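Enquirer: Sharing a structure here in structure tokens format.
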Amino acid sequence: MKLCPIEYQDPVNTCQLLPGYTLMFTSRAASRSLLSALSRNTISRVQVVSRSKLTMSGLPVYPNYTATRNLTATSHRMTTDIPAASNVDYIVTHEKIANPINTQNFIDNEFVESKSTQWIDLHDPATNNLVTRVPQSTAEELKAAVDSAAKAFPGWKKTSLLTRQQIMFKFVSLIRENWDKLAASITLEQGKTFADAKGDVLRGLQVAETACGITTQMTGEVLEVAKDMETRSYREPLGVVAAICPFNFPAMIPLWCLPVAAITGNTVVMKPSERDPGAAMILADLARQAGFPPGVFNIIHGAHDAVNFIIDEPRIKAISFVGSDKAGNYIYARGAANGKRVQANLGAKNHAAVLPDANKNATINAIVGAAFGAAGQRCMALSTLVLVGESKSWLPEIVEAAKQLKVNAGFESGADLGPVISQHSKDRILSIIKQSVEQEGAKMELDGTGFKHPDPKYADGYFVGPTILSGVTTEMECYKKEIFGPVLVTMEVETLDEAIELINRNMYGNGVAVFTNSGATATKFQREIEAGQVGINTPIPVPLPMFSFTGNKASIAGGGGQYFYGKAGLNFYTQLKTVTALWRSEDAIAQKASTAMPTHS
């Protein structure tokens, strides 16, 4: 436990500044005076101790209390309260922006106004109000970004690993300091609830934190293969690498790429999604503050032309991509043909098999949260529910639980899910639902297609309410396509074997879950299922960054292997060099002189 004495000032405000702390009072009166404040913050515990115990512990004793923080405090103890607009210098409301500022390029550690004549309007998904205009970076700007990265690479490669590590420590610290700012940008541009946006930042931050410890994984190998001959291997960076990021995780995916690529000695050119680049731009500013030299991190913008430039630019050695099947397979094929390494995560259709012996309440809550969180716009969203045997009777309760979710704008208190990213996405979701119900025979158990926000301010938002379809078959459009919206399709089978066979027939293999209280059932499922990431009583089994994101089948271009983060991420951003050296011992120049007559021995 880390002990951190803090002087008492104001109970409510001070408590809000101490997430995850334990308050230790020297009198019960002092503790009672603050109990009313505890419901408004995330302080873990209140403990009354004697002044003598505090003195014996070696802690300074303040007149009112001393606070301690558990080192294992998790994100669940951290506040997700939306900052008051008057207390911050960034946007935390959905009010119309009077004078939207154009998004800039970030080249050579400078924010640079684009000279483009082609711009993409970016709208707040909750209101359809203009937030910013994103440039289609010009050919000259695209080249300038790579020029900067290529110029920076030799010096960055020579920079010691420990120096790069110290810069990454600072970068991680700055992300934590600006966590709310990053989350607010995501909510404004992408539409996530503020709490979910903070989770977006967290999962990227965890990769950056893990990258700080990559020094222990960068060690090479050495072996004496013959007398006086050694072979050693070590890792070297590739050079200039690129990241093409999706709209659904504006902070997490950039942080899947930049920390691992940069700490291993590469320089990075990133194209964030043109639909929500704000979080990436904040990360660029933080990287500069952390000490990234000019050219190590550059950001360009655009759509098809920018992607094609990245694929064809010979100085770019590797491409990281997360997004749709069509784009990902195109980038993989054309990039590989150009001799580049490509890691590309594509679409998904994640199933959950529910056995009748599962914990009913916990399972229903897990399913509803995983299906509708982030408005279903996660590559690991639980989109298909396979009810096994008697568990099919749970469907009405699942529907009731989904009805309790609050659809609202991301900055509004209590919102469970926000809008989808665009009108085009909304129209596509509604079209798939309509075809499956009206033409193919699916049953609408819960209809969120006609959701209308009661507040006129959000009348033009891209909202879709939680929707549940039953009676779904594998031939229906809602099953064959990744809907990428708040839609859960349900299917029924009689046995576990049928569930496994059904799930394995699907072309995707990103993730899968099983809910059961039987260890034998869970073991059979995990061994026979084909998907690359398996959750047992957990609906979204995304590995933490000490492992890798191991989707497979059609969810990974090229059949898998080029995974994000973890050891696989280290392998992707480095190449092995082996050196075999012969230093004959008889050639040593500091040997003792011999006075004996030479012999043939």
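Enquirer: Please specify each residue of region 415-444 satisfying the condition of being open to solvent by less than 50 Å² (accessible area, probe 1.4 Å) and outside any helix (DSSP H, G or I).
Expert: Those that are open to solvent by less than 50 Å² (accessible area, probe 1.4 Å) and outside any helix (DSSP H, G or I): A415, L417, G418, P419, V420, I421, S422, A442.
Enquirer: Still on this structure, I have one more. Among (1) more than 24 Å from P254 (Cβ to Cβ); (2) of a type outside the set (K, R); (3) assigned to a loop (DSSP other than H, G, I, E, B); (4) not assigned by the TED database to the domain that holds N571, which single condition is M380 missing?
Expert: In the conditions (1) more than 24 Å from P254 (Cβ to Cβ); (2) of a type outside the set (K, R); (3) assigned to a loop (DSSP other than H, G, I, E, B); (4) not assigned by the TED database to the domain that holds N571, M380 misses (1) alone.
Enquirer: Right, next: Counting only residues that are among the hydroxyl-bearing types (S, T, Y) and more than 19 Å from A318 (Cα to Cα), which one in region 570-601 is least open to solvent (accessible area, probe 1.4 Å)?
Expert: For region 570-601, the residue satisfying everything is S585.
Enquirer: Can I ask one more? So if I check each of T490, T449, which one is within 30 Å of the chain's Cα centre (by Cα), farther than 30 Å from R275 by Cα and outside any helix (DSSP H, G or I)?
Expert: T490
Enquirer: Another question, if that's okay. Tell me, yes or no, whether region 155-171 has at least one residue that is open to solvent by less than 40 Å² (accessible area, probe 1.4 Å) and under 16 Å from the mean Cα position of the chain (by Cα).
Expert: Within region 155-171, none of the residues are open to solvent by less than 40 Å² (accessible area, probe 1.4 Å) and under 16 Å from the mean Cα position of the chain (by Cα).
Enquirer: Which strands (runs of 3 or more DSSP E) does region 110-209 wholly contain that include 2 or more residues that are of a type outside the set (G, A, S) and farther than 28 Å from P100 by Cβ?
Expert: In region 110-209, there are no strands (runs of 3 or more DSSP E) which contain 2 or more residues that are of a type outside the set (G, A, S) and farther than 28 Å from P100 by Cβ.
Enquirer: Considering only region 239-337, give the strands (runs of 3 or more DSSP E) lying wholly within it that have at least 1 residues that are closer than 27 Å to C212 by Cα, modelled with pLDDT of 95 or more and touching a Ser or Thr at 6+ places or on another chain (Cβ under 6 Å).
Expert: The strands (runs of 3 or more DSSP E) meeting that bar are 240-244, 297-299.
Enquirer: Hey, another quick one. Restricting to region 455-487, name every residue that is of a type in the set (D, E), surrounded by fewer than 20 Cβ atoms within 10 Å (Cβ to Cβ) and either in contact with a Phe, Trp or Tyr (Cβ under 9 Å, 6 or more places away or on another chain) or part of a helix (DSSP H, G or I) (or both).
Expert: E477, the sole residue that qualifies.
Enquirer: Also, I was wondering about something else. Please go through (1) more than 30 Å from N506 (Cα to Cα); (2) not in a loop (DSSP other than H, G, I, E, B) for G410 and return the number of the only condition it doesn't satisfy.
Expert: G410 satisfies every listed condition except (2).
Enquirer: Shifting gears a bit: If I filter region 538-569 down to residues being open to solvent by 30 Å² or more (accessible area, probe 1.4 Å), outside any loop (DSSP other than H, G, I, E, B) and not charged (D, E, K, R), which single residue comes out as farthest from R505 (Cα to Cα)?
Expert: This residue is G558.
Enquirer: Just a yes or no: is a residue in region 223-236 within 19 Å of the chain's Cα centre (by Cα), open to solvent by less than 50 Å² (accessible area, probe 1.4 Å) and in contact (Cβ under 8 Å) with a residue 60 or more places away in the chain?
Expert: No.
Enquirer: Can A344 be described as touching a Gly at 6+ places or on another chain (Cβ under 7 Å), among the hydrophobic types (A, V, I, L, M, F, W, C) and under 13 Å from T490 (Cβ atoms)?
Expert: no
Enquirer: Would you say A358 is buried (at least 22 other Cβ atoms within 10 Å of the Cβ), modelled with pLDDT of 95 or more and not assigned by the TED database to the domain that holds H304?
Expert: When the stated conditions are applied, A358 passes them.
Enquirer: Additional query: Listed residues A531, A522, A581; which is closer than 28 Å to L502 by Cα, at pLDDT 95 or above and outside any loop (DSSP other than H, G, I, E, B)?
Expert: Sole residue among the options that is closer than 28 Å to L502 by Cα, at pLDDT 95 or above and outside any loop (DSSP other than H, G, I, E, B): A522.
The values are calculated or read from the model by the stated rules, or taken from the named source; none is laboratory data. Source: prediction; values computed, not measured. Methodologically, a virtual Cβ is constructed for each residue, glycine included, from the backbone with ideal geometry; neighbour enumeration extends over all protein chains shown. Heavy atoms of the whole protein, side chains included, go into the accessibility calculation; ligands, DNA and RNA do not. Shrake-Rupley method; radii C 1.70, N 1.55, O 1.52, S 1.80 Å.
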